[in-house]
Amino acid sequence: MADTSAYAATFEIVDANKDGHISATELKQLMKALGEDITEETATEVVQRMDSNGDGEISLAEFATYMAKG
Ligand SMILES: [Ca+2]
Ligand SMILES: [Ca+2]
């Protein structure tokens, strides 16, 4: 189990609507803010890579696990 507290602040920034999950749309908006204009398809692919329980969104636990792995 990864230490979620280390990633909670970053997670909250990405979770624009504060529903506790990062969606593909939120990820796309983040990348745009960082100067990387990715497509909806790419954002969905990235979410799927991090989405270990398959609900289509990234929870804090999934985010922390992914970031901890590198
Ligand atoms: Ca959200
Ligand atoms: Ca998930």
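The values are calculated or read from the model by the stated rules, or taken from the named source; none is laboratory data. Since the structure is predicted, the reported quantities are computational estimates derived from the model, not experimental observations. Here the Cβ positions follow ideal geometry from the backbone for every residue, glycine too, while neighbour counts run over all protein chains shown.
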Residue 68: out of contact with any Lys or Arg (no Cβ under 6 Å at 6 or more places or on another chain), touching a residue at least 24 places away in the same chain (Cβ under 8 Å) and in a helix (DSSP H, G or I), yes or no? yes
Only one of (1) within 11 Å of the chain's Cα centre (by Cα); (2) in a loop (DSSP other than H, G, I, E, B); (3) modelled with pLDDT under 95 fails for residue 2. Which number is that? (1)
I need a count of the residues in region 31-53 that are under 17 Å from residue 64 (Cα atoms) and part of a helix (DSSP H, G or I). 5
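Taking the condition acidic (Asp, Glu), within 15 Å of ligand 1 (Cβ to nearest atom) and over 16 Å from residue 7 (Cα atoms), does residue 57 pass?
Considered against the rule, which asks whether it is acidic (Asp, Glu), within 15 Å of ligand 1 (Cβ to nearest atom) and over 16 Å from residue 7 (Cα atoms), residue 57 comes out as yes.
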Out of the residues in region 32-50 that are within 16 Å of ligand 1 (Cβ to nearest atom) and either closer than 19 Å to residue 6 by Cα or hydrophobic (A, V, I, L, M, F, W, C) (or both), state the one that is farthest from the chain's Cα centre (by Cα). 33
I want to confirm something. Restricting to region 11-25 and keeping residues that are within 18 Å of residue 52 (Cβ to Cβ) and touching a helix residue (DSSP H, G or I) at 6+ places or on another chain (Cβ under 8 Å), which single residue is surrounded by the most Cβ atoms within 10 Å (Cβ to Cβ)? 22
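Are any residues in region 28-51 charged (D, E, K, R), away from ligand 2 (no atom under 16 Å from the Cβ) and touching a residue at least 12 places away in the same chain (Cβ under 8 Å), and if so, which ones?
28, 40
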